[in-house]
Amino acid sequence: MGRALKQRFLMTLAATLLVAAVGMLSGYLLGKVLACRLAERKLKEDAALIFVAAENLSAESRAVLATMNASTLPFCSDAEMVYFRSLIFKSQYLRDSGRMADGRILCSATAGKTGLPSAPLGAAYAQPDGTSVYWDISALRVGNLTGTLLRAGNSYVVYAPRVMESLHITTSHFSYTQTHIPLPASASENAPSQANANALTTEGQVRVGNTLYTTRCSERYSKCISTYISIPEVLQSERKLLLASSLFGALAGAFFGFLLSLLYQRNRSMEQQLRRAIRKDELRVAYQPIVDLASKRIVGAEALARWTDEDGIAIGPDVFIKVAEKHGFVASITRLVVRHVLIDFTETLRAHPDFRISINVAATDLYDPSFLPMLEQSLDRAGVSAASIVIEITESSTALNHKAVEAIHHLRRLGHNVHIDDFGTGYSSLSYLSDLAVDAIKIDRSFTKAIGTQAVTMAILPQILAMAAALKLEVIVEGIETGQQASYFSTGTEPIFGQGWLFGRPVPSEEFHRLLANGDNATPTEI
């Protein structure tokens, strides 16, 4: 037993750890997907924020340039510089302005006319609306930032390319792309290397390689704004989320691994333990009294298989019988019960032919060609009459199957009484009982419990009793626990038998024989 418990423990532990590991991996992958979804949402929000700012910057730049080109003040005069400075001070994004001709800067609203670059500047590119862009104008710094110059006509304005940092975006990177010229020539210095051109020039969200992109494009200014971040950066920033999802996955996996292991081992080990118990003859048989309700005399008993597994847990017959049926060895239990009944009650059955022991038979036993010969040979060897052994079959197990009907007829020809157990829960009808040709019905305990209540099943009881009377069938009532229930059935004219805790629980054969010898109950000699 100790070795079996150790093996089950190790198997449970291994299964729990394995599924926990799978759960952790699944949780990590789920967390990774969730982190990417969150990053995509933030990229979208940041792209929208930058796009609006870029649109406003472009509109403001062109509006100021148009106002400057319309100036009537003397070219680069002090008055014009004062006027230009007022325009810059009123703007949101611009930091300088002035005049230029033939690529040379002639005057600056902030620097005046001295210290300006003498060599002509080359435009980085021209835009469709006629404006030209000049990168990295080192002589026109705004603080420590290198200015970017936008020219229209003889006027220019300067803004800092990193002015968008004041928006406090949370994504790692962003870039501007002009859509009317090739990408390498128009990409800013912070554009991602080797990026897919479609990701930077196509509206929407996309993943290229190991990088997530969100792009917003402006047809008016022929530019696109892209926010992007690499997957490793996403995972690094969402470490807590990944840790939490991995931990949750591990815990969930461990729980389900433990649960599934227990369920698997319960089913598997129960089958193996049950087979061992049958092989070692470790199943017990208990006997519950069946009494004549009118006289309260014991007229028989039902043999009930009982089993306690190797861990000391009592397993109900409704559980282990189903396991045996599922795995095809329920016939072994039936043989065991027959053997124990004949060992425990052979002398009583020989001495008192009217005393009967009921044995439950599974549906598969009825279809088993070896069942009837086994039963007949066992009774012959014990010298017990077939009339002393009642065969109980469940109502649902027959279902008018022709093999079951044939088996029932054969049993009755051998001299056995055949009872339908749990009657009322399946195919109850006059034609059904007539075709089966049984000797008695056992009314299911659910009807007994309904006595004294308003349950619908109470209305069915009189019909069942009338049906039994019409077919001249004996009636045994299961589950009688109160005097009221016993009285309900004992007031009729036909003899009815009862079984339940009111008359006795299932007990070992020794205790049952003492019960028979008790003066408060009838002995077999009184039957």
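No value in this document is a laboratory result; all are computed from the given coordinates. Keep in mind that what you see is a predicted model, and the values were worked out from it rather than measured. Note that we place each Cβ from the backbone using ideal geometry, even for glycine, and neighbour counts take in every protein chain shown.
Quick check on segment 439-510: take the gyration tensor over C-alpha atoms, sort the square-rooted eigenvalues as a ≥ b ≥ c, and tell me if it's rounded (a/c under 1.5), prolate or oblate. Cα axes put segment 439-510 in the oblate bin. When the chain is described by a simple charge dipole with +1 on each Lys and Arg Cβ and -1 on each Asp and Glu Cβ, the residue from 222, 512, 307 located farthest towards its positive end is 222. For the pair segment 248-264 / segment 328-344, the C-alpha centres are spaced 38 Å from each other. Gyration tensor analysis over the Cα atoms of segment 341-394 returns equivalent ellipsoid semi-axes of 21, 13, 8 Å (largest first, whole Å). Diagonalising the gyration tensor over the Cα atoms of segment 281-519 and scaling each eigenvalue by 5 before taking the square root yields semi-axes of 26, 22, 19 Å, largest first.
Checking the Cα-Cα distances for 326/442; 42/90; 280/326; 280/403 against a 28 Å cut-off, the pairs over it are 42/90; 280/403. Please grab the % of Cα pairs in segment 245-385 that end up more than 20 Å from each other. More than 20 Å apart: 58 percent of the Cα pairs in segment 245-385. Here the gap between residue 306 and residue 327, fully extended at 0.36 nm per residue and compared with their Cα-Cα distance, gives a gain of 5.7 nm. If R0 equals 30 Å, the separation of the Cβ atoms of residue 458 and residue 259 corresponds to a calculated FRET efficiency of about 0.15.
Counting only DSSP beta bridges with both residues in segment 281-519, the antiparallel share comes to about 40 percent. Per the Kirkwood formula applied to alpha carbons, the chain shows a radius of gyration over Rh ratio, Rg over Rh, of 1.47. For the chain, the longest principal axis of the Cα atoms and the long axis of helix 402-414 meet at an angle of about 20 degrees. Judged by a Cβ-Cβ distance under 4.7 Å, the unpaired cysteines of the chain are 36. Angle of helix 317-326 to the longest C-alpha principal axis of the chain, folded into 0 to 90 degrees and rounded to 10: 80°. A straight chain from residue 482 to residue 21 at 0.36 nm per residue would run longer than the Cα-Cα distance by 160.4 nm.
Note on residue 59 and residue 208: with the Förster distance fixed at 35 Å, the Cβ-Cβ geometry gives a FRET efficiency of about 0.70.
With the simple model of a label 7 Å out from the Cα in the direction of the Cβ, residue 78 to residue 313 spans 10.1 nm. With the simple model of a label 7 Å out from the Cα in the direction of the Cβ, residue 376 to residue 85 spans 12.6 nm.
Helix 239-279 and the long axis of the chain differ in direction by around 20°, with both axes built from C-alpha atoms. Estimated purely from DSSP H runs of n ≥ 4, each contributing -39500 (n - 2.57), the mean residue ellipticity at 222 nm for the chain is -15000 deg cm²/dmol once divided by its residues. Projecting label points 7 angstrom from Cα along Cα→Cβ for residue 295 and residue 124 puts them 11.5 nm apart. Dipole magnitude for the chain: computed about the Cα centre from +1 point charges on Lys and Arg Cβ and -1 point charges on Asp and Glu Cβ, it is near 2200 debye.
Each peptide in 217-227, 116-126, 458-468 was scored by the mean count of other Cβ atoms within 10 Å over its residues; highest first, the order is 217-227, 458-468, 116-126.
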